[in-house]
Every structure is written in structure tokens, then in C-alpha cells.
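Peer 1: First the structure, which I've put down as C-alpha cells, then a few questions once you've had a look.
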Amino acid sequence: MSKHHLSFWCWLGATLLCASPALLPPLAAAEPSREAWRLKYQRPSAIPYPADNLPSKEKELLGKTLFFDPRLSGSGWISCATCHNPGLSWSDGLPKSLGEGMKTLDRRTPTLLNIAFGDRMMWDGRAKSLEDQSLGPIQSSGEMNGDLQKIIPWLQTNLGYRQLFARAFSGQLPNAENLAMAIAAFERTIVSAVSPFDEWIAGNEAAIPDEAKRGFDLFNGTAGCAKCHSGWNFTDDGFHDIGLKSTDPGRGRFIPVESQRFAFKTPTLRNIARRAHYMHDGSEDNLEAVIDFYNHGGDVARPSLAPEVKPLCLTPEDEHALLAFLQTLTSRDPQVSYPELPEGKR
Amino acid sequence: MKKMLLLSTLLTGLAFGEDVVIIQKDKQFSKQVVHLKAGDKLVFKNADDVVHNLYSVSPGTQFGSYTQQPGQTTPVTVSKEGEFEVECAIHPRMKITVKVSK
């Protein structure tokens, strides 16, 4: 167990509970079989999009160009891709994001993988759509620190961008709304490719090792991970307090419901082995530590703690099987080329 | 006798309204929109193995906030007419519109 995280009382509670079978709740009478669970992980056949922002190649190219352009930031030095780096599975490999002035922010950069399938955006869900979300970090003083009052006139006078916007939006000039729509349209193309796990779900028994299959059983059964990390994208798009020591109020800042204090969005687990650090605050360095965190039922007991987070009594072999399972979620995603950015000073 | 029974049913209906049952299963409500009359009782049944919540995202409505354990049934009486959106705070993909008429 990772000593730096484990408070003594949590550890004692977990130890006593796991050592005393009489204290354990009775097991569910009939758990669904592995085959029934497998049916819940089919990959979707198409990427969803909103009716008022239909995808097009022109829009996606514009969105990609904007996404990689650091000139949208106050410093002229940070782009969306600085933190959402495609080479690092659309995150940055840091425990917490770095923003304007190289200052460390409060939360870890979430991946953009499969963001088209999400619901509320941001760790705390404060944005209702990807369009709503995409202008947030550009303007946030701690992140890109951009100013739309300067960005939009610049885009309107830049010949290359004028052409890209005109092609994407039927002759329109750049404005805040179509800027957001283009970036959202590009971000919807970011989908994790077929992983060994998907091949196994599709019927190839040899695609993943037996230990990973046992991990899948634990994930859906005893360990209860799938209660939140559900479906092919391994998220319920929900918000839970998982008992981290962080005092960041998360969604509790917006939603006056007890369970939402210290609650953050369930992140996807796609390519999870490639995306250390972990948790919204980057407080876990590796997946072994994450599994151990859940095995002892989190670090902090408080009224908002999700009831699904409780001592799990997993053996070291169980923990290893869960890790083997999580490693099957890594896919070889398409290589992303850096777009040519329109020339012209800001 | 028949008249008595009819009258009593009518009175019961007037006094307590009707029960409208909504099931929460697979992190979804069984209906997206529900039409009620003032005084009717909404009954939410959590048929999932996770905790759910009910709260209104429409400001100033009569609807409180409820925590629902797996298997729990939660009755909610709507006394006034109006329309409001109810979500699960934990799983906000779960949304239902409650329309209450006179």
C-alpha cells in the first residue's frame, strides 16, 4: 500500500473490514456473467454531434488550425495543444496544468480523447457543451489568457484565417461563435482507436491475456469500478467525491447538493496507462497507486464521499489483474500532423 | 353502494392525487417528460445499483433535493402548477421535465 497516501485510520478501517468476513456485506446473489458484462462495452458506430454544429472537413481543418495556434493566447506562446498534446494522448503528462506565466494550476489537464461522447465539460461540469467549453481556457487568465476583443479582429484581418472561416462557415467572417464551433468540431474528431480490449470485446479471445480478463471481471464485479467507469468510454459522465485529500470544492461550487461537494467528473480510462499522472489533482503518480487508493476506500471519509468508494479487500493478485486489464485499453491512435498556421503577425 | 364507492374514489383522487411512477434504470429516467396535475404524487424508484439524486435545476421551484439509495422509492408531491427540469446531480445525463397543470 502506498504509505504517503494512506491515513492510518483509513488503513485500520480497511484492514479490520477485510480481515473480518462477518462485517462484510453479503455478496450479490447472482452477478451477471462475464459475457453479459462484455455486451456493455461495444464501440459506437458513429461520432455524435449537435444539430446546430454539423461536422465538415473545412470546419475541422479550421478548428485544428486554431487548436494548434499559440497566437490565440495572451503571451502568443500557448495553444490548446500545449496542454492537450496529441503525442501524450491529448494531455500533458504533468500532475497539474501549467498556464500563463508558467504558473501551476489547481487541476490536471484532462485528455480530449472521446470528448465528443461527453456530456458536461470541464472537471466540474460547468460547461454544458463543447462549444460552450472551448472559449473558456482561451480566455481564462490563468490558462491561455487570450482576449477575444483582440483575437477576433486579428482573425478578421488575417487573410489565411479569413479564407479558412469563409470556407468553413459559408462566407462568414470570424466571430466568437464560429471560433468556438470550429474548435469543438475539430475536438469531436479525437477518438481513441481500437485497442486490444476492443478486439476482445469484438470476439478475439487471444487479444488480451487471461489475467486481464480476470481484471475485467473484478472491474465489473467485486471492485465495482464500472459503477462509475461504465460503458465503452469508461465513464458515466457523472460527478463523484472519491475521497482525495484535496479541498478543491469541484462541482460543489455550482450544485447545492451534498454529494457534489469535492465532486469531479469521472474521467475516461481510454489510454489510461499512457496518461500519468492521475486523479483531477494529479496526486497519484502511477496506476498501481490509483488501484491501491480505491482498494483502501479513499483517503478521506466525509459526508459527500461516494458510497461506491469503500474498502475493497482486493488481494495483490487482484490488484495486478486490474492493472493488466487497464493496460489493454491502450490503442495506437492515428498520428496527428501539425497544421500549417496562416502567416501574419498578431 | 356503487355511488358511494365512486364518490370515495373521486374524493381520494381529489385529496391525494394520483401516483405517477418513474423508474431510474441504467442511469436513465423511464420518461423524459411527465405530465401531472397539481396534487399528484411522483414516485421515483431507483432500480440501479448506484446511489442517485433528484433535484430541480429550474430556479424557484417547489421540488427539493433527494438522495436515493439503490432500490429506494422516493415520493414527491407536486402542489403547484408549473414546469421544471429535474436532474440527478451525480449523473446529470439523467434529466426529466415535470409539467404540472391545474
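Peer 1: Would you calculate the volume per residue, in Å³, of the smallest convex hull containing every Cα atom of segment A:193-343?
Peer 2: 142
Peer 1: Do you know the Lys pair count in segment A:194-346 for C-alpha distances under 24 Å, with sequence separation 8 or more or different chains?
Peer 2: For segment A:194-346, the number of qualifying lysine pairs is 8.
Peer 1: Rolling a 1.4 angstrom probe over the protein chains, ignoring ligands and nucleic acids, what is the accessible area of A:D285 in square angstrom, nearest 10?
Peer 2: So the heavy atoms of A:D285 present about 90 Å² to solvent.
Peer 1: Using heavy-atom solvent-accessible surface (probe 1.4 Å) with all chains present, what is the largest-first order of A:R251, B:R93?
Peer 2: So the residues, ranked largest to smallest area, are B:R93, A:R251.
Peer 1: Of the candidates A:S170, A:S129, A:S79, which one comes out as most mobile in a Gaussian network treatment of chain A with C-alpha springs shorter than 10 Å?
Peer 2: Its mean-square fluctuation being the largest, the pick is A:S170.
Peer 1: Do any GluC sites (Glu not before Pro) in segment A:62-150 lie in a loop, going by DSSP, with at most 13 other beta-carbon atoms within 10 Å of their beta carbon, and if so which?
Peer 2: Answer by residue number: there is no such site.
Peer 1: Compute from the Cα atoms of segment A:281-346 the Rg and the Dmax, the latter being the longest Cα-Cα distance, and quote both in angstrom.
Peer 2: Here Rg and the maximum Cα pair distance are 19.8, 60 Å.
Peer 1: Please compute how much accessible surface disappears when B pairs with A, both sides summed, using a 1.4 Å probe, and round it to the nearest 100 Å².
Peer 2: 1300
Peer 1: Could you tell me which chymotrypsin sites (Phe, Trp or Tyr not before Pro) in segment A:75-179 are loop residues by DSSP with no more than 15 other beta carbons within 10 angstrom of their beta carbon?
Peer 2: Here the chymotrypsin sites (Phe, Trp or Tyr not before Pro) that fit, given the DSSP loop and packing criteria, are A:W77.
Peer 1: How large is the helix-only mean residue ellipticity at 222 nm for chain A, computed as the sum of -39500 (n - 2.57) over DSSP H runs with n ≥ 4, divided by its residue count, in deg cm²/dmol to the nearest 500?
Peer 2: Helix contribution divided over all residues of chain A: -9500 deg cm²/dmol.
Peer 1: Considering amide H positions built from the backbone, and no H for Pro or chain starts, which residues 5 or more places from B:K95, or on another chain, come under 5 Å of its amide H?
Peer 2: Here B:F29 satisfy the definition.
Peer 1: Let me ask another. Please work out the average accessible area per residue across segment A:298-346, using the 1.4 Å probe convention, and give it in Å².
Peer 2: The answer is 60 Å² per residue.
Peer 1: Here's another thing I want to ask about it. Ranked from highest to lowest mean number of other Cβ atoms within 10 Å per residue, what is the order of the peptides A:301-310, A:44-53?
Peer 2: Order by mean packing, descending: A:301-310, A:44-53.
Peer 1: Return the residues of segment A:235-274 for which accessible area with all protein chains present is lower than in the chain on its own by 20 Å² or more; set the probe to 1.4 Å and exclude ligands, DNA and RNA.
Peer 2: Relative to the lone chain, where solvent access is computed with a 1.4 Å probe, segment A:235-274 loses at least 20 Å² at A:D236, A:D237, A:F239, A:H240, A:I255, A:V257, A:S259, A:Q260.
Peer 1: Under 5 Å between amide H atoms, partner at least 5 residues away or on a different chain: which partners does A:V191 have, H built in plane at 1.01 Å?
Peer 2: A:N114
Peer 1: If we count every other residue with Cβ under 12 angstrom of A:S230's Cβ, Lys/Arg +1 and Asp/Glu -1, where does the sum land?
Peer 2: Counting the neighbours of A:S230, the net charge comes to -2.
Peer 1: Ranking request for peptides A:323-334, B:25-36: highest mean number of other beta-carbon atoms within 10 Å first, then the rest in descending order.
Peer 2: A:323-334, B:25-36
Peer 1: Check which residues have an amide H placed less than 5 Å from A:A263's amide H, if you skip close sequence neighbours.
Peer 2: A:R251, A:G252
Peer 1: Using a 10 Å cut-off on Cβ to Cβ distances, tally the other chain neighbours for every residue of B:90-97 and report the average as a whole number.
Peer 2: Per-residue shielding by partner chains comes out at 5.
Peer 1: At a 1.4 Å probe, what is the % contribution of carbon and sulfur to the accessible area of segment A:148-235?
Peer 2: Its accessible area is 53 percent carbon and sulfur atoms.
Peer 1: Further question: Given a 1.4 Å probe and every protein chain left where it sits, what share in percent of the accessible area of segment A:284-342 is carbon and sulfur?
Peer 2: 54
Peer 1: Something else about it: For chain A, what ratio Rg/Rh do Cα atoms give with a Kirkwood hydrodynamic radius?
Peer 2: 1.01
Peer 1: Only Lys, Arg, Asp and Glu count, each charged at its Cβ (+1, +1, -1, -1), so figure out the dipole size of segment A:111-266 about its Cα centre, rounded to 20 debye.
Peer 2: In total the dipole reaches around 520 debye.
The values are calculated or read from the model by the stated rules, or taken from the named source; none is laboratory data. None of the values given here were measured: they were computed from a predicted structure. All Cβ positions, glycine included, derive from the backbone under ideal geometry; neighbour counts span all protein chains shown. The protein model used for the area step is the full one, side chains on, heavy atoms only, and it has no ligands, DNA or RNA in it. Shrake-Rupley method; radii C 1.70, N 1.55, O 1.52, S 1.80 Å.
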